[in-house]
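The values are calculated or read from the model by the stated rules, or taken from the named source; none is laboratory data. Since this is a predicted model, take the numbers as computed values, not measurements. Backbone-built Cβ (ideal geometry, glycine too); neighbour counts: all protein chains shown.
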Amino acid sequence: MNPGFYIILAAQFFSALADNALLFAAIALLKELHAPAWQTPVLQSAFVASYIVLAPFVGAFADSLPKGRVMLISNTIKLCGCLAMLAGVNPLLAYGVAGFGAAAYSPAKYGILTEYLHSDKLVLANSWMEGLTVAAIIMGAVVGGVLISPGIAGNLLGWWDVPLVNTGIDSAPELAIAVIVVIYVIAALFNWYIPLVPIDHKPLSKNPVFLVREFAHCFKLLWKDPLGQVSLGVTTLFWGAGATLRLLVLAWAAAALHYDMGQAAKLTAWVAVGIAIGSVLAARYVKLEHSVKVLPVGVAMGFAVLAMIPVTSPLLAILLLIAIGVMGGYFVVPMNALLQHRGHLLMGAGSSIAVQNFNENLSIFAMLSLYALMEKLELGIYAIILAFGLLLSGTMAMLCKKHRYDQSGEEIS
């Protein structure tokens with residue numbers, strides 16, 4: 001890998017670190033403003049909604065300029081959302097602006113890999129990208145938690161004061177947001193030095209109606225392509241399952257391990273550790289041309305989720321969650337690389353990743369809605385885990401069977 005690749009990684013790491021720390025700072029700010037409790041889940045929905053609403057447009061935007069410049073522009077939009085929050089704009093609106101920037105950033109950060117690197121480096125590059133993103137998620141939670149801690153924030157606020165200058169930063173959430181602004185600026189500096197890559201698939205038009213129709217065409221094209229279909233199905237399922245798994249672990253830890261919310265939240269980090277390990281293993285042992293061979297690992301992951309039901313030991317819980325994460329990282333990284341490769345060949349990397357983001361975020365909304373429905377029906381946590389594990393394994397098994405059918409041409413019985 002040449003130095004330009006590591007600049008891309010650094011830009012992504014600091015931008016993702018700021019994104020995840022900003023969530024905790026924004027939640028703390030809502031509490032400081034005595035906002036109703038329902039606004040906390042709406043906060044993240046405001047961020048994710050941009051991925052769905054802007055899906056027809058962000059891919060074309062990512063393909064219309066050198067992707068390093070797209071990343072810089074998108075990171076600046078996230079920075080503006082952060083500054084707006086610091087200036088007193090409603091956190092829901094300001095965090096939505098940050099989500100707008102994140103939605104535009106995503107197709108570029110992955111799309112540049114297919115344009116900058118040879119296809120035989122894509123799995124390795126994706127493992128680095130996923131591993132650093134997971135690290136940013138974990139560190140973002142730590143940084144955000146530390147900065148909004150009253151004891152630590154109290155000491156830092158004393159250092160922040162400038163004689164004869166009113167900074168307007170008087171609380172822990174405001175201090176956290178100010179530090180996050182600095183992190184976004186660091187990300188912008190790395191974005192500035194990303195090598196300029198020639199535009200590969202430039203959009204044919206900037207007309208919104210055309211872009212919506214073109215997005216619909218790309219959506220159908222990727223779902224009809226045999227390899228695109230299986231890789232898109234797997235990544236869509238993975239991210240929907242991952243969002244739901246976080247909630248499952250919180251409830252399961254309370255029921256099985258008698259953990260409070262703080263202990264349960266820390267437990268979810270072990271899944272992220274496992275994903276990082278699985279990403280490294282995938283980079284080492286899986287080639288792009290053999291990526292579909294990891295599909296059975298997804299089936300096994302569903303059964304591993306079922307193994308949560310009898311566990312009552314904290315040590316076994318940690319080991320099991322790491323194992324679930326390893327399986328997830330091992331099968332999603334090659335699928336992600338395959339999807340990027342097929343999308344790059346069929347329509348342009350930016351457009352294909354916009355389709356991917358659209359599907360993945362719809363999956364997140366759908367699976368969380370299913371989880372909420374089971375909660376409303378007052379199903380116990382173990383019944384929900386059973387349903388979730390069987391759904392995951394069953395869907396992955398169907399994808400395996402569909403791929404075998406596409407390869408052999410034999411009728412599925």
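Evaluating A255 against the criteria (1) within 23 Å of the chain's Cα centre (by Cα); (2) at pLDDT 85 or above leaves one unmet condition, (1).
Among the residues of segment 59-99, those that are over 17 Å from A28 (Cβ atoms) and in contact with a Leu (Cβ under 7 Å, 6 or more places away or on another chain) comprise A60, P66, G68.
What do you reckon, is G59 touching a Gly at 6+ places or on another chain (Cβ under 8 Å) and within 20 Å of M129 (Cβ to Cβ)? Yes: the conditions hold for G59.
Annotation: V305 fulfils all but one of (1) buried (at least 17 other Cβ atoms within 10 Å of the Cβ); (2) hydrophobic (A, V, I, L, M, F, W, C); (3) closer than 20 Å to Y371 by Cβ; (4) modelled with pLDDT under 80; the unmet one is (4). Which members of segment 373-391 meet the condition of being surrounded by 17 or more Cβ atoms within 10 Å (Cβ to Cβ), within 24 Å of the chain's Cα centre (by Cα) and of a type in the set (A, V, I, L, M)? Scanning segment 373-391 gives I384, I385, L391. Filtering G262, G233, G242 for residues that are modelled with pLDDT under 75 and out of contact with any Lys or Arg (no Cβ under 7 Å at 6 or more places or on another chain) leaves a single hit, G262. Got at least one residue in segment 353-364 being over 17 Å from the mean Cα position of the chain (by Cα), in a helix (DSSP H, G or I), of a type in the set (A, V, I, L, M) and modelled with pLDDT of 70 or more? Taking every residue of segment 353-364 in turn, none turns out to be over 17 Å from the mean Cα position of the chain (by Cα), in a helix (DSSP H, G or I), of a type in the set (A, V, I, L, M) and modelled with pLDDT of 70 or more. For Y6, are the conditions met, namely being over 23 Å from I169 (Cα atoms), part of a helix (DSSP H, G or I) and without any contact (Cβ under 8 Å) to a residue 60 or more places away in the chain? Answer is yes for this residue.
Residues in segment 177-227 that are in a loop (DSSP other than H, G, I, E, B), among the β-branched types (V, I, T) and at pLDDT 75 or above: I194 only.
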